[in-house]
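The values are calculated or read from the model by the stated rules, or taken from the named source; none is laboratory data. Since we're looking at a predicted model, the values are computed, not measured. Glycine also receives a Cβ, built like all others from the backbone with ideal geometry; neighbour counts cover every protein chain displayed. To get the accessible areas, we keep the full protein, side chains included, count just its heavy atoms, and leave off ligands, DNA and RNA. Shrake-Rupley method; radii C 1.70, N 1.55, O 1.52, S 1.80 Å.
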Amino acid sequence: MLHTFVSYVEDRPGVLTRVASLFRRLNINIISVTVGHSERAGLSRMTLVCEASAEAGHRIRASLYKLENVIEVDDIAGAPTVTRELALIKVTATRHNRSAIFELAEVFRARIVDLTAESLMIEMTGVESKIEGLIQVLIDSEHEILEICRSGKMTMRRGHHTSRVLKAMGTGDAEPPEQEAAQEADAEPE
Amino acid sequence: METNTNSLSAAPAMLTGSEILWATLVGEGVTDVFGYPGGAILPAYDALRKFPIRHILVRHEQGAAHMADGYARASGKVGVAIATSGPGATNLVTGIATAMLDSIPMVCITGNVSSKVLGTDAFQEVDITGVTLPVTKHNFLVSRAEEIAPAIRQAFQIAKSGRPGPVLVDITKDAQQATARFDFEAAQPKPYRPHPMLKVETDGLSAAAELIRGAKKPVILAGHGIMQSGAMEQVRALAERAQIPVAMTLLGIGGFPASHPLNLGMMGMHGEAWVNDAIQNADLLIACGMRFDDRVIGTPHTYATKAKKIHIEIDPAEINKNIKVDVALVGDLREVLEQLLPRVSSGKTGQHSGASAWLKSIEASKGESAVRDMKNLPDLGHLYAAHVMHDLWRITGGNAIVATDVGQHQMWEAQYFHHEHPRSLVTSGGLGTMGFALPAAIGAKVACPDKEVWVIAGDGGFQMTAAELATIRQENLKINIAIINNGYLGMVRQWQEFFYDRNYESTPLVSPDFVKLADAHGIAGRAVKTRGELAAAVEEARTHNGPFLLNFLVEQEDSVYPMIPAGSALHEMIRRPGHNPLVETPDDL
Ligand SMILES: Cc1ncc(C[n+]2csc(CCOP(=O)(O)OP(=O)(O)O)c2C)c(N)n1
Ligand SMILES: [Mg+2]
């Protein structure tokens, strides 16, 4: 199954290597990892997605916590979340077929962020399946894709949880407490 | 000198990085370090004489790491090893991995090239924090003098807290040479954060107590955690209160007295048949500070299928890793047992319902294999390794610290040398590192100078680190060495005999005359060829003023029984042949 871990790690040299090395050791492929500053000074927030057996979640989380530079680990496993990915897609486009691509982008609520005589760049934010969908339609409509750049998943639990609250709850083991406030994960973006 | 030392390690002052390094070690209570100098660590060595620290000069950095490891295993203190950059640092790696696999608290300090040339493939530059990342609990690259004290102090905290392990601190040469303000107190690390997934809840404790109360065939599995946590008394109390027999892992040996009537002996690949049978027939296993290693479970799906399992363990990542458990009490073993014990009432009611029937049935299952008559056997001239272990145990009264190497002799030692005390067996379990025994014994002797220390090594493994004989001589350490010389890489030969049609490829071993080798190092020795000479030789070694080496020329094609072939179930073990004379009677014990 797909596992998603959100973790707070110290923002200093070598930390990413330590996290990555753990997965390498377990022979688990990291599907995506996004890292950036968090709301807490000196700590980066990481969303890491990997494919592993259902039972592996506990061991991965426990092992991540054994790394000195890892402060918090949340195993998102099935909890209501908002998950997004950013994609930049460059396709061949001339004045003859540009408008067709504009239409496609409109349907997918993507934006055109760059345009030249021979190509244009689409920016799209959304859940993974929508990005896959856009790419598939571009291919099926025989638009030539020149480049794709994807950020990987970013995930945040729904509801009023700061990371501190989650920590107090002992996240990852328990069901999310506010089921009723939660909507389907990966709901349509605004 | 004294005042100088005090001023260097007490009040805040401006010091060089090198001085800060030693002053911090002194502050952490370090009195002995094992190391080998070189260019990148030379500034540190230059400052050493100002500090009250004994430096043991090794002959190979692997030896330094094993010595620090043996020091830690024998004393419970953090061992310290020091090496220079590049080849010095990489030579430590086997020793660091050995400590990692057995959760040994150790701090390794390496010099590195100056920070200005880091990453340029400068002379003797190796990315040792990169190299050791997977075999250390944590490591640090320090490039400024200000960072030395905080890094070293944090390294000590990490090494000994929670599940212990080795930590490496790599210090650039310019950081050693620069000057900074040293304030030991201010360099104190943040308070230790216990693993956030530790969990000992009332429900779990009640469930565990309930399982213990209801069990008819319980077995305690006693591991290294007993020593690490100092839970000897608590494990004993649990066993006695509920009359539960105790099976030992290799590293658990010593955590529960061998002479205790409830001690079954060692479990696993070379555990006695009755121990493994008891585990397979048990209805409850109480795992105390052990990790269901593949060497003790055979195969996961055939392991103790009838038993409920309680796992008391400090590392949450070990829970349900190899074996699914019913109740997990994730915390320090001693603390958990102290909470559990009041729930296991003593006396008749507290005993699990079938106490005596279960203990009797285990006793009965010993049968032939437990008839051990070694003492009274006629001396046919043959010398078996088991004889050596038995007599070493008998003559030392089981009170020595024994450092074993890896192979057949290691298993025979575990079977025939009966350890009464914690930290009296120093052996590489998880990594199975040949060459471990001699340097580890040096570390143990430095840590415990008043203890009798024996090395028991195979003819193969001894040669991997034999150069440390010179260290023994230079440091004048009274260490006795028993080489179990069977002319083979015996354990590998045994596998070839059992599983590879006796194709003894690359296992026969031509060795130097070990007595002459000792002599060349200024160490006395004697070869022992028959059973008749054994006891006198052991006495000679013990009473000799100085180190002594005994070269025991034992039966060459002897095998360790019982044996669970890799990938088989515990009950599918190859049993001890009935006619095997190498057994002990109760009178022997
Ligand atoms: C460094 C290292 N290399 C290889 C091995 C594999 N190995 C395990 S036991 C053994 C044979 C050991 O022979 P010896 O030291 O003579 O001991 P014996 O088994 O004969 O008692 C070998 C080669 C190992 N454990 N460690
Ligand atoms: Mg041998």
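Chains B and A together bury roughly 1600 Å² of accessible surface, counting both sides and using a 1.4 Å probe on protein heavy atoms.
Taking 7 Å steps out from each Cα toward its Cβ at A:Ile139 and B:Lys324 produces label points 3.8 nm apart.
Accessible surface comparison of B:Lys160, B:Lys445, B:Lys366, probe 1.4 Å, protein chains only, largest first: the order is B:Lys160, B:Lys366, B:Lys445.
Rolling a 1.4 Å probe over the protein heavy atoms of the protein assembly as shown, with every protein chain left in place, gives an accessible area that is 52 percent carbon and sulfur.
Could you tell me the relative contact order of the range B:1-141? Use alpha-carbon pairs under 8 Å, at least six residues apart, and round to a whole percent. Let's see the in-between values first.
Numbers: 227 pairs, mean separation 29.3, N = 141.
Relative CO of the range B:1-141 lands at 21 percent.
Just want to confirm a number: the relative contact order over the range B:369-553, from Cα pairs under 8 angstrom separated by 6+ residues, in percent.
22
Listed by chain and number, the lysines placed with their C-alpha closer than 26 angstrom to that of B:Lys116 are B:Lys173; residues fewer than eight positions away on the same chain are left out. Here the 3J(HN,Hα) profile of the range B:396-402, calculated from phi with Karplus coefficients 6.51, -1.76 and 1.60 at θ = phi - 60°, is 7, x, x, 9, 7, 8, 10 Hz, Gly and Pro shown as x. Comparing Cα centroids, the range A:108-154 and the range B:436-513 end up 65 angstrom apart. Within the shell of other residues whose beta carbon sits under 12 angstrom from the beta carbon of A:Arg18, the net charge comes to +3, with Lys and Arg scored +1 and Asp and Glu -1.
Between 0 and 90 degrees, the angle of helix B:17-27 with respect to the longest Cα principal axis of chain B falls at about 40 degrees.
Using C-alpha pairs below 8 Å separated by at least 6 residues, the relative contact order for the range B:459-526 is 33 percent.
How much mean residue ellipticity at 222 nm does the protein assembly as shown get from its helices, if each DSSP H run of length 4 or more adds -39500 (n - 2.57) and you divide by all residues, to the nearest 500 deg cm²/dmol?
Value at 222 nm, helices only: -10000 deg cm²/dmol.
Counting only other chain Cβ atoms within 10 Å of each residue's Cβ, the peptide A:60-67 averages 5.
What's the angle, to the nearest 10 degrees (0 to 90), between helix B:232-242's Cα axis and the longest principal axis of chain B? That works out to roughly 20 degrees. Straight-distance candidates among the lysines for linking to B:Lys529, with alpha-carbon spacing under 26 Å and chain neighbours fewer than 8 residues away dropped: B:Lys375, B:Lys478, B:Lys516.
Each label point was placed 7 Å from the Cα along the Cα-to-Cβ direction; for B:Val117 and B:Ala470 their separation is 2.7 nm.
Given a 1.4 Å probe and the protein chains all in place, what does the accessible area of A:Ile148 round to, in Å² to the nearest 10? Ignoring ligands and nucleic acids, A:Ile148 comes out at about 80 Å².
Considering only DSSP states other than H, G, I, E and B, which chymotrypsin sites (Phe, Trp or Tyr not before Pro) in the range B:162-225 qualify as loop sites with at most 11 other Cβ atoms within 10 Å?
Values: sites: B:Phe182, B:Phe184, B:Tyr192; in loops: B:Phe184, B:Tyr192.
Of the chymotrypsin sites (Phe, Trp or Tyr not before Pro), the ones in loops of the range B:162-225 whose Cβ has at most 11 other Cβ atoms within 10 Å are B:Tyr192.
Taking N as the residue count of the protein assembly as shown, its C-alpha radius of gyration divided by 2.2 N^0.38 Å amounts to 1.09. Under 28 Å of direct C-alpha separation, and excluding same-chain neighbours fewer than eight residues apart, A:Lys130 reaches these lysines: A:Lys90, A:Lys153. Taken residue by residue and averaged, Cβ atoms of other chains lying within 10 Å of the Cβ of B:315-322 number 4. Distance between the modelled labels on B:Ser345 and B:Asp127, one decimal in nanometres: 6.3 nm (7 Å Cα→Cβ projection). Report the GluC sites (Glu not before Pro) located in the range A:22-57 that are in a DSSP loop and have at most 16 other Cβ atoms inside 10 Å of their Cβ, or state none. Sites meeting the loop and neighbour criteria: A:Glu39, A:Glu55. Annotation note: chymotrypsin sites (Phe, Trp or Tyr not before Pro) in the range B:469-521 located in DSSP loop regions with a Cβ neighbour count of at most 12 within 10 Å are B:Tyr500. What shape does chain B take by its C-alpha gyration tensor, where a ≥ b ≥ c are the square roots of the eigenvalues and a/c under 1.5 counts as rounded, a/b above b/c as prolate, and the rest as oblate? Note, shape of chain B comes out oblate.
How would you rank B:556-563, B:427-434, B:199-206, highest first, on the average number of other Cβ atoms within 10 Å across their residues? Walk me through the numbers before you get to the answer.
Values: B:556-563: 18.2, B:427-434: 22.6, B:199-206: 14.0.
The densest-packed peptide leads the list: B:427-434, B:556-563, B:199-206.
Amide H to amide H distances under 5 Å link B:Ile574 with B:Met563, B:Ile564, where only residues 5 or more positions off or on other chains count and H is placed in the peptide plane. Taking a Cβ cut-off of under 12 Å around B:Thr404, the surrounding Lys, Arg, Asp and Glu residues balance to a net charge of -1, with basic ones at +1 and acidic ones at -1. Under a 5 Å amide H cut-off, with hydrogens placed 1.01 Å from N, B:Gly458 pairs with B:Asp405, B:Val406, B:Ile484 among residues at least 5 apart or on other chains.
Round to the nearest 10 and give me the degree value, 0 to 90, for the angle of helix B:355-366's Cα axis relative to the longest principal axis of chain B. Roughly 90 degrees between the two axes.
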